[in-house]
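The values are calculated or read from the model by the stated rules, or taken from the named source; none is laboratory data. If you're wondering where the values come from, they're calculated on a predicted model, not measured in any experiment. Counting neighbours? That spans all protein chains shown, and the Cβs are built from the backbone with ideal geometry, glycine included.
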Amino acid sequence: MQAINEIKSIIIVVLLKMKMNLKFAFLAAIACIVFSCNNQQQQSATNEKPDENNLLNCYRYINNNDTIILKTVNVKGFITGTLVYNLYEKDENRGTIRGSMKGNVLIVDYTFFSEGMESVRQVAFKKIGSNFIEGYGDVEDKDGKMIFKNPDSLIFSQSVILKAFDCRYLSATN
């Protein structure tokens with residue numbers, strides 16, 4: 001920032017000494033302002049936090065006619081958000097999630113409506129870099145909710161990878 005102020009001062013002194021016309025002085029001042037603003041934008045861009053520290057993150061899986069969209073909101077380690085499964089020739093499942101990260105695994109209760117009925121089941125996603133891989137395992141019914149029998153033995157195949165993307169590209173219906 002000090003270098004920018006020195007450059008501005010030098011330009012002003014040069015312009016005054018050379019007695020340039022007012023038009024050129026105005027253009028030089030605009031150039032200094034643009035340079036200054038551009039430098040501040042570059043500094044703020046390098047200070048952005050990584051994904052895991054952002055409050056809102058979005059992930060999606062798209063393969064042929066199948067789509068899964070996960071939107072997470074992280075508040076002090078408690079994860080909420082929405083999850084949509086739109087799988088070919090199956091009813092769409094759309095609902096909310098609530099849970100937390102356990103190491104690099106997101107385990108949440110997924111409350112959704114399908115075929116006019118509300119259901120609750122656990123879902124799990126393993127964080128790999130900036131993406132999530134969906135996990136599968138044996139489940140059991142406990143008090144009307146399908147939960148994993150043993151969350152420590154979930155299988156995370158590479159077949160369903162939800163890739164991080166900018167939430168601004170989500171439509172209002174997702």
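Could we say that THR82 is among the hydroxyl-bearing types (Ser, Thr, Tyr), touching a residue at least 60 places away in the same chain (Cβ under 8 Å) and surrounded by fewer than 19 Cβ atoms within 10 Å (Cβ to Cβ) here? For THR82, the condition - among the hydroxyl-bearing types (Ser, Thr, Tyr), touching a residue at least 60 places away in the same chain (Cβ under 8 Å) and surrounded by fewer than 19 Cβ atoms within 10 Å (Cβ to Cβ) - is met. Taking into account only those residues within segment 100-120 that are more than 19 Å from ILE69 (Cβ to Cβ) and touching a helix residue (DSSP H, G or I) at 6+ places or on another chain (Cβ under 8 Å), which is surrounded by the most Cβ atoms within 10 Å (Cβ to Cβ)? It comes out as VAL105. Inside segment 165-174, residues that are part of a loop (DSSP other than H, G, I, E, B) and surrounded by 13 or more Cβ atoms within 10 Å (Cβ to Cβ) make up a count of 2.
Scanning segment 63-77 for residues that are among the basic types (Lys, Arg) and in contact with a strand residue (DSSP E or B) (Cβ under 6 Å, 6 or more places away or on another chain) yields one hit, LYS71.
For segment 142-164, the count of residues that are surrounded by 15 or more Cβ atoms within 10 Å (Cβ to Cβ), touching a helix residue (DSSP H, G or I) at 6+ places or on another chain (Cβ under 7 Å) and touching a residue at least 60 places away in the same chain (Cβ under 8 Å) is nonzero.
Taking each residue of segment 97-125 that is farther than 18 Å from ASP143 by Cα and looking for partners that are surrounded by 13 or more Cβ atoms within 10 Å (Cβ to Cβ) and among the polar types (S, T, N, Q) with beta-carbon atoms closer than 6 Å, six or more apart or interchain, yields SER114/ASN93. Of everything in segment 94-135, what is in a loop (DSSP other than H, G, I, E, B) and farther than 17 Å from SER153 by Cβ? Give them in sequence order. Scanning segment 94-135 gives GLU115, GLY116, GLY129, SER130.
When you look at VAL123, is it at pLDDT below 95 and surrounded by 15 or more Cβ atoms within 10 Å (Cβ to Cβ), yes or no? Taking the combined requirement at face value, the residue does not satisfy it.
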